[in-house]
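Rule-based calculations on the coordinates, nothing more; no lab input. Every value quoted in this text rests on a predicted model; they were computed, and no experiment measured them. Counting neighbours? That spans all protein chains shown, and the Cβs are built from the backbone with ideal geometry, glycine included.
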């Protein structure tokens, strides 16, 4: 258990860990913008999606990907 805690403290306290966090956030936001540009939603969806991804990082991006895939599949069947 102590070994796991050391990994968390490394990410939170050291500058290298913070750079990794900022990089993954920037990557998640970039991928979200790419998805939203293809989908072309209302501007409120843009704000909501970017804030959601910023708050939840990759989990939020995966939810957005799942929703877009669902809508595409639903639209293809209709």
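Output needed: percent of Cα pairs per 5 Å distance bin for the range 21-77, bins running from 0 to the one holding the longest distance.
Bin by bin from 0 Å, the calculated values are 4, 21, 30, 24, 13, 6, 2, 1.
At 0.36 nm per residue, minus the direct Cα-Cα distance, what do residue 67 and residue 31 gain on full extension? Give it in nm, one decimal, please. Each step should come with its number before you reach the end.
Working: separation 36, 0.36 × 36 = 12.96 nm, distance 1.44 nm.
Working it through step by step, the gained length comes to 11.5 nm.
With r as the distance between the Cβ atoms of residue 77 and residue 23 and R0 = 25 Å, compute the FRET efficiency 1/(1 + (r/R0)^6) and round to 0.05.
Details: r = 38 Å, r/R0 = 1.53.
The value I calculate is 0.05.
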